[in-house]
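Quick notes on the structure that follows.
The values are calculated or read from the model by the stated rules, or taken from the named source; none is laboratory data. Computed from a predicted model, the values in this text were never measured in an experiment. Here the Cβ is made from the backbone with ideal geometry for all residues, glycine too, and neighbour counts use every protein chain on show.
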């Protein structure tokens, strides 16, 4: 059988349609152009109302007195509990009360203060460099936009949302941590696992003014009731509204209850 020449193979290949290129992923989630399902929006509103009534004092769990302290605490909270961060920050802020002081810190001394939060060497580098950029590029003040915040070392979209919403009352997006992601899926508010896509779905369902508090409400409920393991669905205020996607509950069947009723406990 005659072999095709390289030229003919190249010519044939060139006639094949080119593979479609994937659309670039936007840096920040955009609100969908299409409106959310009205029934889902009504259910989302009821979920918010019930949680707000249950947790009227829900707020950011990281102790802070100003935007600088909140930024530092949020960077430290990566892979660390808020409780542990709150144990570390009082001494940290006494040693470094502002970005200027933090920018001039000695790495070893800074690392020692934050060691218990985990990944302390990387966090110390990010804190020191972020402080340096705040002093150099923003006159010592924490920036107030998503673009400027995410340009700082150690600051991604979630951290920026925390700072903007809680320190500046600027609602650019929804904080999506593990609790928010878990509850959003269980409640049927999203089908996604990617934080950016979950955030986009939540932004479409809730008014902008509720975005910051929404995260606090979901986080609080996730810690108290809708835990990762063994959620207390029976006593959950959202039980009648929740499709419980991905939840496996240990509820006894009528037959099992009857069988258990006939058993006696050995004395």
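Highlighted here are the helices (runs of 4 or more DSSP H) found entirely within the range 1-80 that include at least 2 residues which are at pLDDT below 50 and either within 24 Å of residue 155 (Cα to Cα) or not assigned by TED's automatic domain parsing to the domain that holds residue 212 (or both): 6-14.
Every test in (1) in contact (Cβ under 8 Å) with a residue 12 or more places away in the chain; (2) outside any loop (DSSP other than H, G, I, E, B) is passed by residue 142 save one, and that test is (2).
Being assigned to a helix (DSSP H, G or I), free of Cβ contacts under 8 Å to residues at least 40 places away in the same chain and surrounded by 19 or more Cβ atoms within 10 Å (Cβ to Cβ) is the filter here; which residues of the range 89-112 pass it? Across the range 89-112, the qualifying residues are 89, 92, 93, 102, 103, 110. May I ask you to verify whether residue 227 is without any contact (Cβ under 8 Å) to a residue 24 or more places away in the chain, under 15 Å from the mean Cα position of the chain (by Cα) and surrounded by fewer than 18 Cβ atoms within 10 Å (Cβ to Cβ)? No. Reported count of residues in the range 180-219, each being in a loop (DSSP other than H, G, I, E, B) and within 22 Å of residue 169 (Cα to Cα), is 2.
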